[in-house]
Amino acid sequence: MEGVVIKELAQFCDERGWLVEIFRNDETSYRPAMSYVSMTKPGIARGPHEHLEQTDLFCFFGNFRLLLWDNRKTSATYGAKMVFDCGEKPHVAIVPPGVVHAYKNIGQADALVINLPDQLFRGEGKALPVDEVRYENDPESPYKVD
């Protein structure tokens with residue numbers, strides 16, 4: 001899908017545990033503006049929604065299913081749908097504006113997602129409207145993640 005990046009992250013393990021590099025500015029032109037972490041319980045989905053201006057860089061730690069739907073009328077992949085199962089290995093996904101996205105914890109344990117969006121939530125000082133078009137409460141929405 002045009003502009004979407006999904007890749008498995010290298011895990012460096014030793015007797016103490018493991019380490020994963022989520023973001024390196026020498027590997028991408030993407031630049032985050034903030035970060036947050038969320039925990040998702042088994043069987044729970046977040047989204048679907050899209051952003052008008054914001055790009056998200058998600059880092060998945062757990063067994064997640066990611067749904068992407070290109071809603072950009074000017075995109076070469078307009079209308080394309082992608083479903084990706086992350087499995088147990090950490091993955092990163094960069095999702096540009098106009099791509100509807102949702103994810104679901106398809107595992108048996110609580111799982112973590114770290115997001116490094118390139119826009120501040122609600123802008124500087126949280127003074128702007130939220131940059132989201134939400135679909136999760138629309139019974140007609142084709143953007144459901146199973």
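No value in this document is a laboratory result; all are computed from the given coordinates. Predicted, not measured: the structure shown is a model, and the values here were computed from it. Note that each Cβ is placed from the backbone with ideal geometry, even for glycine, and that neighbours are counted across all protein chains shown.
Among the residues of segment 38-64, the ones that are within 12 Å of ILE106 (Cα to Cα) and of a type in the set (Ser, Thr, Tyr) come to 1 in all.
Of all residues in segment 12-42, those satisfying the criterion of being over 15 Å from the mean Cα position of the chain (by Cα) and either within 18 Å of TYR103 (Cβ to Cβ) or in a strand (DSSP E or B) (or both) are PHE12, CYS13, ASP14, GLY17, TRP18, LEU19, VAL20, LYS41, PRO42. Of all residues in segment 48-96, those satisfying the criterion of being free of Cβ contacts under 8 Å to residues at least 60 places away in the same chain and either in contact with a helix residue (DSSP H, G or I) (Cβ under 6 Å, 6 or more places away or on another chain) or of a type in the set (Ser, Thr, Tyr) (or both) are THR74, TYR78. Residues of segment 1-11 that are surrounded by 14 or more Cβ atoms within 10 Å (Cβ to Cβ), of a type in the set (A, V, I, L, M) and not in a strand (DSSP E or B): MET1, VAL4, LEU9.
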